[in-house]
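Asker: Below you will find the structure I want to go over with you.
Laboratory data are not the source of any read-out in this text; all were calculated from the coordinates shown. What you are looking at is a predicted structure, and each value in this text was computed from that prediction instead of being measured. Don't worry about glycine lacking a Cβ; one is built from the backbone with ideal geometry, like all the others, and counts go over all protein chains shown.
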There are 2 protein chains.
Amino acid sequence: MPRHVARPSLATVAVRVGVSTATVSNSFNRPEKVSDTVRSKVLAEAARQGYAGPDPAARQLSRGGRTDTLGLLLTEELPLAFTDPAAVAFLQGLAASCQGAGQNLLLISATSNSDASDAVRAAVVDGFVVYAVRADDPHLQRILDRRLPTVLVDTPAPTDAVDWVGPDDRAGARELAEVLIEQGHRRIGAITAGLRGARYSGPAEHRSSADLPASIHGSRIQGLRDALGAAGLDDLPIEERPENTHAAGADALHALMDRRPDLTAVCVLMDVMAIGALAAARDRGLDIPGDLTVTGYDDIPQAAAAGLTTVSQPLTDKGRIAGELYLSRRAGGPSRRRVLPTHVKVRSSSGPPRC
Amino acid sequence: MPRHVARPSLATVAVRVGVSTATVSNSFNRPEKVSDTVRSKVLAEAARQGYAGPDPAARQLSRGGRTDTLGLLLTEELPLAFTDPAAVAFLQGLAASCQGAGQNLLLISATSNSDASDAVRAAVVDGFVVYAVRADDPHLQRILDRRLPTVLVDTPAPTDAVDWVGPDDRAGARELAEVLIEQGHRRIGAITAGLRGARYSGPAEHRSSADLPASIHGSRIQGLRDALGAAGLDDLPIEERPENTHAAGADALHALMDRRPDLTAVCVLMDVMAIGALAAARDRGLDIPGDLTVTGYDDIPQAAAAGLTTVSQPLTDKGRIAGELYLSRRAGGPSRRRVLPTHVKVRSSSGPPRC
DNA sequence: CTGAAAGCGCTAACAC
DNA sequence: GTGTTAGCGCTTTCAG
């Protein structure tokens, strides 16, 4: 009866062919250093045993070299990353950089599930790019602990040991609010996603600035408050939803307008939600922008079609630059910080308040 | 002067703390099996040395276990994958499956560059999903060689040793052409992307069926020919472009209509190109669908907004199912084949020919 | 051109 | 609790 067959390896092939493991290794990795006869025997035996070639992990270990893989930590819910056009544009830029340098991209599925939480520790990568997570995200901490070259994107930098790229979200939001105030708006509200990072849904204005979690959402709220404060306004009702979706945006708009029918402008801090909010506002029978101005943030491709006034930033470039920072990282060099330009793109969803 | 400092490892930490490597290992992996005193000493020393924890590759080797990582082979140009909404929808579905199972996703950048061509061999993964590559793609062959659980998507299956999911592209295209013929169209043209896989740009009708490369594009062309043949029509001018972009679609439409102004319908076999072609047709002053019917394939979200008649398939589900097939793969089990439903979605870009 | 042997850094049994 | 000792599967000098 058939003996227990060991999983094929360099050694099992070597022994059957009657050569050393070194020769088998060479047959696969440096064909020119092996005679054709031996090589073909090796390959034949390998095929017979179903041996697919050197094990990547073992290879990695003994070579001790680079993995040519970049780890990408995305928002908690991986699928959502593909739902948000802003994230997709970012990925596209990052992929372009990686592809050019022959780097693979490992998408780390950062579930809050603690079991899988060491996906970061187990990742066989040369470094990381972290996209749009909160400064207090536990995965981010683990990444920092690994002390590999790391680039933070749309993430407040908890340390200056890493490179950083992103827009000045606070300034962008401030400029947006200034435009609205300039147009005559005095009662402005905001809709945001995941301010607390938790699954919270509801009003969120009762948070002090210091209490704002370290996230892009917090920065954007700060920016709005900056502008309002400068104009002597201190009322900013905020409605928060956990997910950045059309439905959540619509839902939040209804909740906010039910609470505060007097608002003349609503700043939605993510474009996807903003587009949903825009539709919801029309559903309420509001004339846009006569009765209500609605604005977004990010300027995703769909924003133009929707006529959405929004804060524009170079999404794809952001990805490309993140890749370039990562690739050009030199050991011991100082950390670099690239602030991307931002500007308010005025479209048909905004205008002076009617009254 | 400072002696050469070895890269920190379990051993370097162990020796300085005066414990065994096993204890250090346990401190990191099974805290409960180590006394608090020892553990904190270990952690302190590790921090001092800048030791980030067990090396993933070595860990992987000795555990001999799973990597919890799925390798995804995409079309040659990775960034393009994020440009095509059909691919993004697929990724979203796949990511949802992966996330649920705590699997990471390694995007393999399959450059034609032969240097990087063993990215497949070097990938530390438990298996592969292959999306939309040609049957004769060399990377695909390498993946098959690794004999890991593999799922093919939108890729003709060169072997039945792997699982497969996709629509019946040939049938979908045939049904589309039947609808057009039914409406009275007799002179139909086609626009396709990368039929040859090469960087070819130009007419492509002079290829026998047998010669059609094994790709979804080939299947779709086959489908059109099936329907035309059944109706006694044998003329199918084809214009090919290497990339699936709006610009390429527009360009191809102009080229095709310059050659064959008599056409009453053009089947563009990818939605992104189709939307570009639609715009180009209008630019030529053609009335849609009076002067010309233009159709697409895939039914990406933007198709509805563009009023594009197209062949619809469940894009996100395709990704989800690919993930499920992969996750439910049992050694030695028979390969499975999931054919997705397809149906023609008639919108405003198609109609009976005017004349 | 081929072989022998020393690790790469870690984990898993077992002992103590 | 903690230490010892084998490997995991491969690459790499260095001889022959």
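Asker: Listing A:LEU140, B:LEU43 from the residue with the fewest other Cβ atoms within 10 Å to the one with the most, what is the order?
Answerer: Working: A:LEU140 23, B:LEU43 18.
Lowest to highest Cβ neighbour count: B:LEU43, A:LEU140.
Asker: Mind telling me which of A:PRO31, A:PRO54, A:PRO341 comes out most flexible in a GNM of chain A, alpha-carbon contacts under 10 Å?
Answerer: Looking only at A:PRO31, A:PRO54, A:PRO341, the largest GNM fluctuation is found for A:PRO31.
Asker: Could you give the size of the charge dipole of the stretch B:169-313 about its Cα centre, using +1 on the Cβ of each K and R and -1 on the Cβ of each D and E, expressed in debye and rounded to the nearest 20?
Answerer: Details: 14 positive and 21 negative charges, 51 e Å.
Charge dipole, the stretch B:169-313, about its Cα centre: 240 debye, nearest 20.
Asker: Karplus couplings for the stretch B:7-18 from phi (6.51 cos²θ - 1.76 cosθ + 1.60, θ = phi - 60°), rounded to Hz, Gly and Pro as x?
Answerer: 4, x, 8, 3, 5, 5, 5, 4, 5, 6, 7, x
Asker: To make sure I understand the rule: partners must be aspartates and glutamates, Cα under 19 Å from the Cα of B:LYS41, and not fewer than 8 residues away in the same chain. Which ones qualify?
Answerer: Hits, sequence-local ones excluded: A:ASP145, B:GLU32.
Asker: Here's a follow-up. Quick check: from the Cα gyration tensor, does the stretch A:169-313 come out rounded (a/c under 1.5), prolate or oblate? Before the final figure, lay out each step's value.
Answerer: Numbers: a/c = 1.26, a/b = 1.12, b/c = 1.13.
It is rounded, given that a/c, with a ≥ b ≥ c, falls under 1.5.
Asker: Amide H to amide H under 5 Å from A:ILE191: which residues, 5+ apart in sequence or cross-chain, H placed 1.01 Å off N in plane?
Answerer: Sorted by chain and number, the residues that satisfy this are A:GLU239, A:CYS267, A:VAL268, A:LEU269.
Asker: Below 8 Å between Cα atoms, with a sequence gap of 6+, how large is the relative contact order for chain A in percent?
Answerer: It rounds to 17 percent for chain A.
Asker: Sort out for me the Cα centre separation of the stretch A:287-355 from the stretch B:331-355, rounded to whole Å.
Answerer: Computed from Cα coordinates, the inter-centre distance equals 37 Å.
Asker: Where in the stretch B:1-68 are there trypsin sites (Lys or Arg not before Pro) that are in a DSSP coil and have at most 16 other Cβ atoms within 10 angstrom of their Cβ?
Answerer: On the way: sites: B:ARG3, B:ARG16, B:LYS33, B:ARG39, B:LYS41, B:ARG48, B:ARG59, B:ARG63, B:ARG66; in loops: B:ARG3, B:ARG66.
Those satisfying the criteria are B:ARG3, B:ARG66.
Asker: Take A:CYS355 and B:ARG336, extend 7 Å from each Cα along the Cα→Cβ direction, and tell me the distance between the two endpoints in nm.
Answerer: 6.0
Asker: Residue by residue through A:81-90, how many Cβ atoms from other chains fall within 10 Å of the Cβ on average?
Answerer: 4
Asker: Sticking with this one: Which residues does a label at A:ARG16 reach in the stretch A:39-56, if reach means a backbone N under 17 Å from a point 7 Å past the Cα toward the Cβ?
Answerer: A:39-55
Asker: Report the residue, chosen from B:ALA96, B:ALA305, B:ALA173, that carries the largest GNM mean-square fluctuation when chain B is represented by alpha-carbon nodes joined by springs under 10 Å.
Answerer: Highest fluctuation of the listed residues: B:ALA305.
Asker: So what are the ³J(HN,Hα) numbers for the stretch B:95-105, from phi and the Karplus equation (6.51, -1.76, 1.60; θ = phi - 60°), rounded to whole Hz, Gly and Pro as x?
Answerer: 4, 4, 4, 4, 4, x, 9, x, 9, 8, 10
Asker: Where does helix A:169-182 land angle-wise versus the long Cα axis of chain A, in degrees 0 to 90, nearest 10?
Answerer: Value to nearest ten degrees: 20.
Asker: Which is farthest toward the positive dipole end of the protein assembly as shown among B:LEU94, A:HIS139, B:ALA22, measuring Cα position about the Cα centre, with Cβ charges +1 (Lys, Arg) and -1 (Asp, Glu)?
Answerer: Of the listed residues, the answer is B:ALA22.
Asker: With +1 on each Lys and Arg Cβ and -1 on each Asp and Glu Cβ, and nothing else charged, work out how big the dipole of chain A is about its Cα centre, in Debye to the nearest 20. Before the final figure, lay out each step's value.
Answerer: Details: 40 positive and 41 negative charges, 365 e Å.
So the dipole magnitude of chain A works out to roughly 1760 debye.
Asker: Pick out, from A:ALA279, A:ALA193, A:LEU106, the residue whose Cα sits farthest towards the positive end of the charge dipole of the protein assembly as shown, with +1 on the Cβ of Lys and Arg and -1 on the Cβ of Asp and Glu.
Answerer: Farthest along the dipole direction, towards plus: A:LEU106.
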